[in-house]
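Visitor: Once you've had a glance at the structure underneath, I'll fire off some questions.
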Amino acid sequence: MNCEPTMKIHEHTAAHLADLFRTLSDPTRVRLIAALLDCELHVGALADQLGMTESAISHQLRDLRLQRVVRARKEGRQVFYSLDDEHIADLFRKGLEHMQHSG
């Protein structure tokens, strides 16, 4: 059977996509994405929810910010985080759906 690929991806784009998936491969970062799926939270709330230190949460959020998975909004002395856009939420939901389907 002869199959021609319908999608071709430039090497530079492939590298960026691989970086995104590498960022998403950490269980703590996956839990952060789940926590931010439907709401905006500050570091302290995320730390409480995940049972981690604020320092550890901030470190993970920095990596997520660099890959544009989350965005930050400052309000006074608090920094609130949310998912960068609906594409991230969709990617997370699709991955979760795949895992639940796979059994």
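Visitor: Identify, please: which residue in segment 15-42 is surrounded by 12 or more Cβ atoms within 10 Å (Cβ to Cβ) and among the charged types (D, E, K, R) and is, among those, nearest to Leu96 (Cα to Cα)?
Guide: Within segment 15-42, the match that is nearest to Leu96 (Cα to Cα) is Arg31.
Visitor: With respect to Val69, determine if the residue is farther than 13 Å from Asp26 by Cβ and β-branched (Val, Ile, Thr).
Guide: no
Visitor: Residue check: is Thr6 among the β-branched types (Val, Ile, Thr) and surrounded by 11 or more Cβ atoms within 10 Å (Cβ to Cβ)?
Guide: Values: among the β-branched types (Val, Ile, Thr): yes; surrounded by 11 or more Cβ atoms within 10 Å (Cβ to Cβ): no.
Criteria not met by Thr6.
Visitor: Of everything in segment 72-89, what is in a helix (DSSP H, G or I) and closer than 18 Å to Arg31 by Cβ? Give them in sequence order.
Guide: Ile88, Ala89
Visitor: Also: Could you list all residues from segment 31-65 that are β-branched (Val, Ile, Thr) and either assigned to a helix (DSSP H, G or I) or within 10 Å of Tyr81 (Cα to Cα) (or both)?
Guide: Start the filter on segment 31-65 by keeping residues that are β-branched (Val, Ile, Thr), which leaves 33, 43, 53, 57.
Correct list: Ile33, Val43, Ile57.
Visitor: May I ask you to list pairs of residues, at least six apart or on different chains, whose Cβ atoms are under 8 Å apart, with the first in segment 2-29 being part of a loop (DSSP other than H, G, I, E, B) and the second being of a type outside the set (D, E, K, R) and surrounded by 10 or more Cβ atoms within 10 Å (Cβ to Cβ)?
Guide: Ile9/Leu17; Leu24/Val30; Leu24/Ile33; Leu24/Val69; Leu24/Leu91; Leu24/Gly95; Asp26/Gln60
Visitor: Considering segment 6-62 alone, what residues qualify as being farther than 18 Å from Leu91 by Cα, modelled with pLDDT of 95 or more and β-branched (Val, Ile, Thr)?
Guide: Of everything in segment 6-62, those that are farther than 18 Å from Leu91 by Cα, modelled with pLDDT of 95 or more and β-branched (Val, Ile, Thr) turn out to be Val43, Thr53, Ile57.
Visitor: Among the residues of segment 43-71, count how many are surrounded by 12 or more Cβ atoms within 10 Å (Cβ to Cβ), under 25 Å from Thr13 (Cα atoms) and either touching a His at 6+ places or on another chain (Cβ under 8 Å) or of a type in the set (A, V, I, L, M, F, W, C) (or both).
Guide: Going through segment 43-71 one residue at a time, the tally reaches 4.
The values are calculated or read from the model by the stated rules, or taken from the named source; none is laboratory data. The structure displayed is predicted, hence computed values, not measured ones. Note that each Cβ is placed from the backbone with ideal geometry, even for glycine, and that neighbours are counted across all protein chains shown.
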